[in-house]
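Structure record follows, encoded as C-alpha cells.
Values in this text are rule-based calculations from the coordinates and carry no lab data. On a predicted model such as this, the values are computed, not experimentally measured, just so you know. Methodologically, a virtual Cβ is constructed for each residue, glycine included, from the backbone with ideal geometry; neighbour enumeration extends over all protein chains shown.
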Amino acid sequence: MHQIDWYGNDGRVNYEPGIVKRVDCGVCNIQMNVERNVLGATSSVEAMAGKKHRHDRFTCPYVEEDWHKRIYHLKMDVIYGRNR
C-alpha cells in the first residue's frame, strides 16, 4: 500500500544551494527537476520587496497538470477540513 505524504511539498520547493541532492514531489512522489544556484526570490513577499538570493529550485515535472493540482487540493481539503 502506498503511503500518502500528507504534509509534503506541493510540487515546488527551494533549498539553500548544494544542501539537498534529490527531492521527491509531495503530491505524486516522482523525483523533481532541479535548477541549481538560481538567483531570485523564493516567495511573493520577497519578490515584492525586490529581494533575491541564491537557491536550488526543485519543481515537479507535472506541477501544472490538472490531475496534479486536483490531488494537491484534495490533500489540503483533508488536512484543513475545507469544502470546495
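Key figures
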quantity	calculated
Å³ per residue enclosed by the Cα convex hull of the stretch 1-60	80
Projected label distance in nm at ASN29 and ASP5, using a 7 Å step from Cα toward the beta-carbon	1.0
Angle between the chain longest axis and helix 66-80 axis [Cα atoms, degrees, rounded to 10]	80
LYS69-ALA49 FRET efficiency (beta carbon distance; Förster radius 41 Å; 0.05 resolution)	0.90
Rounded to 5, percent antiparallel among DSSP beta bridges of the chain	100
